[in-house]
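None of the figures in this text is laboratory data; all of them are computed from the coordinates on show. Since the structure is predicted, the reported quantities are computational estimates derived from the model, not experimental observations. When we count neighbours, we look across all protein chains shown, and the Cβ atoms used for this are built from the backbone with ideal geometry, even at glycine.
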Amino acid sequence: MFSVISSSRASGGNPLSDKAAAWHLGYVTRFGDPEYTSAYSYDAVYILKQAIERAGGTEPAQVSAALEKTDWSGVMGRYQFGADHQPRFGRGYRAINMLQYQLADPDGYRVIWPAERAAAPFKPPTWWKGTIGGSPRR
């Protein structure tokens, strides 16, 4: 059985950034298997910490202005915020991996997209009769 999911789960086998594998190993060693939001939470704490330090305190307008200047490379990828105060997303920033369960073990998920992070190609299920990338299934 093959399943495809989108995942923000950082791990050594499913890298989201240069920091992901080391973060995952440290987390698992200390706390066990991380929840899917654990790496986002980790990054958020450090983004806020740096913004408070740049702002010189916790006054909301100053912290907001400092957050607008964020350029943080974290576990989940690179964070910068747009004029709408939302984090930028996509190539060069955070991007959520598409994973497919391909191996019969607890870490059997493999990144299949985006291409620059892919650890394995997409494997269509045996019942699939459609096309992939414009080509019929073989």
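Key figures
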quantity	calculated
Under Karplus coefficients 6.51, -1.76 and 1.60, residue-wise ³J(HN,Hα) of the stretch 31-48 in Hz, glycine/proline x	10, x, 4, x, 6, 5, 9, 4, 5, 4, 4, 4, 4, 4, 4, 6, 4, 5
Estimated distance in nm for a label pair at ARG88 and ASP18, the labels positioned 7 Å out from Cα along Cα-to-Cβ	1.7
Sequence ranges 38-50, 110-122, ranked by mean other-Cβ count within 10 angstrom, highest first	38-50, 110-122
Environment charge at ALA55 (Cβ cut-off 14 Å; Lys +1, Arg +1, Asp -1, Glu -1)	0
Cut-off under 5 Å, modelled amide H: who pairs with TRP113 long-range	MET98
Ranked packing of 16-27, 76-87, most packed first, by mean Cβ within 10 Å	16-27, 76-87
